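Below is one structure, written out as structure tokens; the observations come after it.
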Amino acid sequence: MLELRDVTYEVDDNNDNKEILKGINLKIDEHFIAITGPNGGGKSTLAKMIAGIIRPTSGQILLDGEDITELNITERANRGISFAFQQPVHFKGLTVKDMISIAAGRDMSVNDICDILSEVGLCAREYIDREINSSLSGGELKRIEIAMIAARGTKLSIFDEPEAGIDLWSFNSLIKVFEKMRDEINGTILIISHQERILNIADKIVVIADGKVEQFGPKEEVLPALLHTAKTCQTLEEKL
């Protein structure tokens with residue numbers, strides 16, 4: 001279980017402290033959690049804080065009862081946390097096979113790697129020896145990154161807006177991958193997203209706005225209100 005206790009995060013804004021996160025309290029023990037909310041509300045900051053990329057100004061972060069607040073990203077990875085960036089990183093000179101083996105922490109057989117690539121909808125013959133560089137599309141890189149996280153088999157897998165910068169075909173494929181992960185992976189999947197189709201496959205939805213938790217509950221309770229609000233805002237914009 002992931003628990004955040006009164007987590008705050010401040011930055012120096014022209015010699016004035018600006019609160020990005022304001023007393024976040026959350027307990028997450030479900031299989032698939034989506035975090036959404038308006039741009040600039042603190043979603044990505046929260047994801048990076050859970051992963052250990054940034055540290056909270058105050059408060060505690062616990063994983064399965066252990067206080068991990070002061071642990072860095074490597075130490076948290078060793079505890080079972082994975083993080084996928086909005087824009088996957090290129091690794092010149094390393095192949096897909098290399099990266100999946102590194103992610104798994106062991107030498108993997110070609111058959112094992114092929115199985116993982118197949119799970120994310122990639123033909124192993126075409127990708128296993130490909131270098132992870134700009135020759136790969138955004139959708140391909142996203143699916144390779146998901147394959148790396150699947151190979152690690154972590155307790156908590158965090159995806160920061162996985163739909164960013166990919167085309168519709170790749171997005172449709174990603175939805176199928178996440179549905180498969182939801183049904184089969186052990187541990188918790190936490191996805192930062194605005195996309196209704198991703199929110200619709202979550203167990204629970206967290207709404208972050210102005211650095212605070214505005215809503216947290218089952219998808220069936222939270223999503224209809226979000227869609228109603230979005231529709232109302234769109235109607236008002238059209239009238240203006």
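Computed values, structure above
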quantity: Residue pairs meeting the criteria (Cβ under 6 Å; at least 6 apart or on separate chains; first more than 15 Å from Ile61 (Cβ to Cβ), in segment 18-44; second of a type in the set (Gly, Ala, Ser) and not in a loop (DSSP other than H, G, I, E, B)); calculated: Gly37/Ala209; Pro38/Ala209; Gly41/Ala209
quantity: Members of segment 103-127 found to be crowded, with 17+ Cβ neighbours inside 10 Å, part of a helix (DSSP H, G or I) and of a type in the set (A, V, I, L, M, F, W, C), listed by number; calculated: Ala103, Ala104, Ile113, Cys114, Ile116, Leu117, Ala124
quantity: Test: residue in segment 190-212 that is at pLDDT 80 or above, surrounded by fewer than 16 Cβ atoms within 10 Å (Cβ to Cβ) and basic (Lys, Arg); calculated: yes
quantity: Meets criteria (under 23 Å from Ser44 (Cβ atoms), crowded, with 17+ Cβ neighbours inside 10 Å and not hydrophobic (A, V, I, L, M, F, W, C)) for Arg143; calculated: yes
quantity: Unique residue being closer than 18 Å to Asn186 by Cα, surrounded by fewer than 17 Cβ atoms within 10 Å (Cβ to Cβ) and in contact (Cβ under 8 Å) with a residue 40 or more places away in the chain when the list is Lys92, Lys155; calculated: Lys155
quantity: Qualifying residue in segment 58-68 (condition: within 20 Å of Ile191 (Cα to Cα), of a type outside the set (Val, Ile, Thr) and touching a strand residue (DSSP E or B) at 6+ places or on another chain (Cβ under 8 Å)); calculated: yes
quantity: Pairs with Cβ under 7 Å, 6+ apart, first in segment 108-127 and farther than 16 Å from Lys180 by Cβ, second in a helix (DSSP H, G or I) and among the basic types (Lys, Arg); calculated: Ile113/Lys97
quantity: Near pairs, Cβ below 8 angstrom, 6+ apart or cross-chain, from segment 165-176 (touching a residue at least 40 places away in the same chain (Cβ under 8 Å)) to any residue that is assigned to a helix (DSSP H, G or I) and not aromatic (Phe, Trp, Tyr); calculated: Gly165/Gly138; Ser173/Gly139; Ser173/Arg143
quantity: Every pair of residues 6+ apart whose Cβ atoms lie under 8 Å, when the first sits in segment 45-67 and is under 17 Å from Ile20 (Cβ atoms) and modelled with pLDDT under 95 while the second is in a loop (DSSP other than H, G, I, E, B) and hydrophobic (A, V, I, L, M, F, W, C); calculated: Thr45/Ile54; Lys48/Ile54; Gly52/Ile68; Gly52/Leu71
quantity: Residues that are buried (at least 20 other Cβ atoms within 10 Å of the Cβ), in contact (Cβ under 8 Å) with a residue 60 or more places away in the chain and of a type outside the set (Ser, Thr, Tyr), drawn from segment 68-83; calculated: Ile81, Phe83
quantity: Positions within segment 151-169 being under 15 Å from the mean Cα position of the chain (by Cα), modelled with pLDDT under 80 and of a type in the set (A, V, I, L, M, F, W, C), in sequence order; calculated: Ala164
quantity: Residue match in segment 94-102 (condition: among the hydroxyl-bearing types (Ser, Thr, Tyr) and in contact with a Ser or Thr (Cβ under 8 Å, 6 or more places away or on another chain)); calculated: no
quantity: Scope segment 5-50; condition polar (S, T, N, Q) and farther than 14 Å from Phe159 by Cα; matching residues; calculated: Thr8, Asn14, Asn15, Asn17, Asn25, Asn39
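The values are calculated or read from the model by the stated rules, or taken from the named source; none is laboratory data. None of these values were measured; they are calculated from a predicted model. Glycine also receives a Cβ, built like all others from the backbone with ideal geometry; neighbour counts cover every protein chain displayed.
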